[in-house]
1. Just the number: Rg to Rh for the stretch 45-154, Cα atoms, Kirkwood Rh, two decimals.
2. Can you pull the three principal axis extents for the Cα set of the stretch 210-265, in Å, largest first?
3. Take the alpha carbon atoms of the stretch 63-81, find their center, do the same for the stretch 249-304, and report the distance between the two centers in whole angstrom.
4. Would you mind ranking 25, 273, 155 by Cβ crowding within 10 Å, fewest neighbours first?
5. When the distances between all Cα atoms of the chain are binned every 20 Å from zero, what whole-number percent does each bin get?
6. Hey, what D do you get for the stretch 191-315 in µm²/s if you plug the Kirkwood alpha-carbon radius into Stokes-Einstein at 37 °C and 0.692 mPa s?
7. Obtain the nm distance between the two label points defined at residue 91 and residue 26 by a simple spin-label model: each point lies 7 Å from its Cα along the Cα-to-C-beta direction.
8. So in the chain, what percent of DSSP beta bridges are antiparallel if you round to the nearest 5?
Ligand code: SF4
């Protein structure tokens, strides 16, 4: 896969040692290698590799890879992200077909599709998302689809096109609290991202919406709680919260390792604020156990609807 220019984002020097709860086994199982081979055979990029995800050994051993469409080079330079920044790749017209074939081979019941940011494209890459969703629906109609999209900033009609293609879950990550945007996510705007999630629900109230943040970047607890409130005001169903890990010494440093007990407390508070589904653990990532979580999310909504329609319910 072609790796072009990598833009140094910030020069940092320290890398804090990981606490025991973040140590994972090196990926080495035969199933992991089989998934890797399949991704190579179909010339697919994955965020699992590009973002140096710590869960890769566990996910790939089960064939769960998150495919990253629209090339391997991003037009943004977020301070937390390991994906190369620079001149983006040419769009691959075969990508939707290759993706559909790989999913069919893996026999996945749930597939997460993400992408790099493509500010250079008129539609931000929305049409490629649509093509991928459509090919998957044709090839493996039983597979549920989750998209994890860029913010489509200044790309009129892009969001609407992806929503109209009817993925089962629309995920867009806020990544961090608003105060840290200029240093962590300089090309994005917090309230734009929030509005995007709100618009998805406005366009298709039945679609599940999902968003996530990383903690350990210097945010305060009260700011995390504010993000939860903001997401609930946009009627977001599912929140993910995971520990930020510094991919290389050039990236934003880890300001703090949040303890497992603090994650449990975030989970409790998020449920209390009305999220249908919460994943808050040190190793939580947007797509970690996304299939199991989707099944749970759907069951939670059904239970909620049944409760509301029960005789005597005030809702
Ligand atoms: S958590 Fe997501 S990005 Fe990480 S390895 Fe699993 S599927 Fe890939």
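Since every read-out is calculated from the coordinates, none of them should be taken as a lab result. Here the structure is a predicted model, which means the values were calculated and not measured. Backbone-built Cβ (ideal geometry, glycine too); neighbour counts: all protein chains shown.
1. Checking Rg against Rh, the ratio lands at 0.95.
2. 37, 23, 16
3. Cα centroid to Cα centroid, the span is 21 Å.
4. 25, 273, 155
5. 33, 61, 6, 0
6. Using the Kirkwood radius from Cα pairs, D works out to 210 µm²/s.
7. 4.1
8. Antiparallel: roughly 5 percent of the beta bridges in the chain.
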